[in-house]
Amino acid sequence: MINVEELRKIIGEDWIITRREQMEGYLVDETALAVRPKPADNVVVAKPANSKEISEILKLANSEKTPVFVRGGGTGLCGGAIPTVDGIVLSMERLDKIEEVDKDNLMIVAEGGVTFESMLKAVEDAGLFFPPHPGDEGAQVGGLVACNAGGSRAVKYGVVRNYVKGLEVVLPTGEIINVGGKLLKNNQGLDLLHLLVHSEGILGVITKVIFRLYPRFASSGNLVISYDTRRDAMDSVPKILQSGVIPLAIEYMDRDVIETSANYLGMKWPAMKGSAYLIVILTGANDDEVYLQAEQVSDICEKSNAVDILIAERRGEQADILKIRSEIYSAMKDKTADILDVTVPPASVGVIMDKVDEIAKRYNTTIPMYGHAGDGNFHPHLLNDLRDRGMVKQVKREVYREAIKLGGVITGEHGVGVIRIPDLDLCPDGKVWELMRGIKSIFDPNNILNPGVGLL
Ligand SMILES: Cc1cc2nc3c(=O)[nH]c(=O)nc-3n(C[C@H](O)[C@H](O)[C@H](O)COP(=O)(O)OP(=O)(O)OC[C@H]3O[C@@H](n4cnc5c(N)ncnc54)[C@H](O)[C@@H]3O)c2cc1C
């Protein structure tokens with residue numbers, strides 16, 4: 001039973017939804033429909049205003065053993081924000097204040113429900129730069145930290161974790177803790193901050209984040225490099241990384257995939273030749289530096305059989321290329337039964353892509369692919385024909401087995417959520433999962449926060 005009466009006392013009648021038809025948007029996320037978890041029947045949505053109200057809600061839920069599901073922007077791709085058992089959906093949308101952009105310390109302090117879009121605007125208005133860029137700006141700051149989101153710029157700058165300096169977190173038992181601060185060095189005790197980053201909402205509710213910022217780069221350029229084979233494209237990647245040029249991003253996509261996205265947007269993909277593409281984004285202190293890097297990368301790619309190289313120097317051209325890249329998932333969503341998030345050591349991406357092609361052939365299907373080539377992280381799309389033939393699970397597990405053989409993992413940036421749990425048995429170090437479950441039970445002795453998420 002959910003104690004709606006007590007919830008009303010904590011946050012007020014206006015901030016609670018009890019009628020099903022008014023809460024539909026809170027019961028889904030962006031997980032592909034065929035594998036998206038089904039929401040439970042008896043759910044109440046609560047929209048607290050601050051960490052104190054969240055603390056009161058969690059104290060109540062903990063004492064009554066009511067499950068609570070934390071909801072950020074709902075852009076997650078593995079069902080982590082979906083209430084899969086009866087309980088409370090805790091929506092973070094009202095914690096939407098940017099408290100400070102601290103130019104002297106190069107830090108931003110934002111509440112957990114601030115959208116990524118609002119945060120980027122505040123950072124840009126201050127003339128500064130937040131390096132990572134996961135694909136959907138509707139995500140919230142707390143969600144980005146809870147998922148340790150990645151995105152295309154990780155080649156040069158790493159993932160969201162690298163920028164988190166401080167957190168305010170409400171524990172499942174209701175206590176409010178602060179870890180870290182506006183600090184670049186902090187060795188005081190065990191590193192709880194980084195335990196909470198990528199905790200997928202199972203250890204606490206992230207109500208405030210301090211991120212490190214950087215000065216803006218002065219110049220950038222995008223290269224679109226065309227190849228006749230995927231293997232040639234992938235073989236170029238380690239050579240670029242060994243050359244000393246560190247691109248902001250190295251993205252890979254099949255021709256079909258990028259053209260699907262361009263058509264979906266009513267735009268035109270600028271490359272005419274080839275069937276496999278790299279987008280290489282270069283940044284530097286001035287145009288000359290970017291130009292020099294572009295020459296170096298072009299030389300390397302020509303030696304690796306590139307058939308065409310386009311350089312987009314103008315901001316508009318660069319933005320169009322990135323727009324087409326960033327809308328791939330939206331364009332492919334209706335055709336997709338599951339979007340995988342496999343990650344292998346960067347130099348093995350070409351090998352695993354060949355293995356995925358072999359699997360596709362055996363199952364008489366195609367598996368379109370794109371991804372963050374410079375990070376070893378890519379997204380094979382299992383299409384609806386596999387769903388119709390009841391083969392999604394089988395094919396997925398074959399892909400996972402090949403990735404694990406190469407020293408990889410079944411998820412590199414999207415997380416475990418709900419939908420990846422049934423395949424964690426393929427990663428069999430039982431002691432590791434036992435330790436993680438032990439940590440969860442210290443933070444959340446009654447298992448009320450995001451039950452059924454993130455752990456085997
Ligand atoms: C088009 C598209 C492109 C994407 N591209 C990328 C990409 O390039 N890289 C990448 O890494 N991801 C990507 N994603 C996935 C997604 O945007 C990220 O996982 C993002 O971090 C989710 O944030 P959210 O606020 O939407 O979280 P939600 O979907 O609301 O929740 C995700 C998980 O985080 C938990 N959570 C949310 N907020 C909090 C909080 N304040 N405290 C504690 N737990 C919380 C939830 O309980 C849930 O388990 C993409 C998604 C889409 C739809």
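The values are calculated or read from the model by the stated rules, or taken from the named source; none is laboratory data. Source: prediction; values computed, not measured. Quick reminder, even Gly has a Cβ in these numbers, built from the backbone with ideal geometry, and neighbours come from all protein chains shown. Remember, those area values only see protein heavy atoms, side chains included, never the ligands or the DNA or RNA. Shrake-Rupley method; radii C 1.70, N 1.55, O 1.52, S 1.80 Å.
Of the residues in segment 370-385, how many are out of contact with any Pro (no Cβ under 7 Å at 6 or more places or on another chain), over 14 Å from Leu340 (Cα atoms) and buried (at least 23 other Cβ atoms within 10 Å of the Cβ)?
1
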**Message:** Please verify whether Gly452 is within 16 Å of the ligand (Cβ to nearest atom), closer than 18 Å to His381 by Cα and buried (at least 19 other Cβ atoms within 10 Å of the Cβ), treating the condition exactly as stated.
**Reply:** no
**Fill in**
The correct count of residues that are within 19 Å of the chain's Cα centre (by Cα), in contact (Cβ under 8 Å) with a residue 40 or more places away in the chain and either open to solvent by 20 Å² or more (accessible area, probe 1.4 Å) or on the phi < 0 side of the Ramachandran plot (or both) in segment 404-440 is 11
**Prompt:** What's the number of the condition Asp338 fails, among (1) farther than 23 Å from Gly412 by Cβ; (2) touching a residue at least 24 places away in the same chain (Cβ under 8 Å); (3) acidic (Asp, Glu)?
**Reply:** (1)
**Message:** For the structure I just gave you, tell me whether Ile279 is more than 30 Å from Ile439 (Cβ to Cβ) and either open to solvent by less than 10 Å² (accessible area, probe 1.4 Å) or without any contact (Cβ under 8 Å) to a residue 60 or more places away in the chain (or both).
**Reply:** yes
**Item:** Residues within segment 156-174 that are among the charged types (D, E, K, R) and within 12 Å of the ligand (Cβ to nearest atom), tallied
**Value:** 2
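For (1) of a type in the set (Lys, Arg); (2) assigned to a loop (DSSP other than H, G, I, E, B), each residue gets a yes or a no:
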residue: Gln394; (1), (2): no, no
residue: Arg397; (1), (2): yes, no
residue: Gly415; (1), (2): no, yes
residue: Val418; (1), (2): no, yes
residue: Trp433; (1), (2): no, no
residue: Arg437; (1), (2): yes, no
residue: Lys440; (1), (2): yes, no
residue: Gly452; (1), (2): no, yes
residue: Leu455; (1), (2): no, yes
**Prompt:** Looking only at segment 34-58, which residues are without any contact (Cβ under 8 Å) to a residue 60 or more places away in the chain, over 19 Å from Asn178 (Cα atoms) and open to solvent by 20 Å² or more (accessible area, probe 1.4 Å)?
**Reply:** Lys38, Pro39, Asp41, Asn42, Lys47
**Fill in**
Picked from segment 97-126 (must be of a type in the set (D, E, K, R) and open to solvent by less than 30 Å² (accessible area, probe 1.4 Å)), the residue nearest to the ligand (Cβ to nearest atom) is Glu111
**Asked** Any idea which residue in segment 127-155 is farthest from the ligand (Cβ to nearest atom), counting only those that are of a type outside the set (A, V, I, L, M, F, W, C) and surrounded by fewer than 19 Cβ atoms within 10 Å (Cβ to Cβ)?
**Response** Gly127
**Prompt:** Residues of segment 47-94 being part of a helix (DSSP H, G or I), within 13 Å of Ile2 (Cα to Cα) and touching a strand residue (DSSP E or B) at 6+ places or on another chain (Cβ under 8 Å), which ones?
**Reply:** Ile57, Leu58, Ala61
**Prompt:** Given the structure, is Ile359 buried (at least 18 other Cβ atoms within 10 Å of the Cβ) and out of contact with any strand residue (DSSP E or B) (no Cβ under 8 Å at 6 or more places or on another chain)?
**Reply:** yes
